[in-house]
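Notes for the one structure printed next.
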C-alpha cells in the first residue's frame, strides 16, 4: 500500500531522464532537490495552495457549525412535529450523488454571479447531510440526565448545546473535520466546473494542468503531488487519536 507513495517521493528526486529507464530503479544517479525548488518558485503552486487552503478551511468551519447545530436540533432534546420525517429527508439527500446536482448548482451560481470565485465551492458544501447525520448519531448517545440536570439549573436549549453537547462532541467533530477537510482538499470536479481562471485554481486543477499535451516533467509533477499531500497527512497525524475515538462513539463504519 505504501509502494505508490515511496515511488512518488523517489521519482520527485530523480533526474527527468531516469524516470522511465529500464530496468527501473528506486534511487536515481543523483538527488535532484531542484525539482522541489522548481515547484515552489517557478510555478503557481503557492497560489494554488493558498486557494485550496482558503476553500478547505472555510468549508470546514461552516460544515462544523451547521452540522453540529442541525444534529442537535434532531437529537432527543427537541420534540416537534415532523422531526423524524425531516431527518428521513436528510438521509435521502445522502443517497443522491452530488454529480446529479452539478448542473442546477452551476445555473444557480451563475445567476448569483458567484462562478469563478472560491464561494462557488464553499457555499454549496457548508451544509453537509452526512455531517448532520454523524453529529445526530453522537448526540443521541449523550445521557439525558445531563440535559435534565442542566434544565433544572436554568439552562436554556442554547445553554445545553453550548455547555454540554459541544464540549462532549470533540471526537465526533474531529472525525467530521478530517472527512470534510480531506474531501474538500482533494475535490477535483467542482473546481473544474465552477472555476475557470488561473487566479482561482486549486491544487487538484494545478496538478491536472501540469500534465503537458506532448511532454510532462514527471519529477516536478511528483514533487507537486508530494507537497500537496503534506497538509492532509499532518492534520491526520495530529488528530488521529480523536478521530479513532469519534469513529467508535458514532458507530461509523
> So residue 220 fits all but one of (1) modelled with pLDDT under 90; (2) under 21 Å from residue 5 (Cα atoms); (3) exposed (fewer than 15 other Cβ atoms within 10 Å of the Cβ); what number is the exception?
Replying inline: (3)
> Tell me, which residue of the stretch 66-86 that is touching a helix residue (DSSP H, G or I) at 6+ places or on another chain (Cβ under 7 Å) and crowded, with 16+ Cβ neighbours inside 10 Å is farthest from residue 192 (Cα to Cα)?
Replying inline: 77
> If you scan the stretch 92-107, which residues turn out to be loosely packed, with under 14 Cβ neighbours inside 10 Å and in a helix (DSSP H, G or I)?
Replying inline: 92, 94, 95, 98, 99, 100, 101, 103, 104, 107
> Name the residues in the stretch 194-205 that are under 10 Å from residue 120 (Cα atoms) and in a helix (DSSP H, G or I), would you?
Replying inline: 194
> Out of (1) over 19 Å from residue 79 (Cβ atoms); (2) more than 17 Å from the chain's Cα centre (by Cα), what's the single condition that is false for residue 137?
Replying inline: (1)
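The values are calculated or read from the model by the stated rules, or taken from the named source; none is laboratory data. Fair warning: this is a prediction, and the values are worked out from it, not measured in the lab. We place every Cβ from the backbone using ideal geometry, glycine too, and count neighbours over all the protein chains shown.
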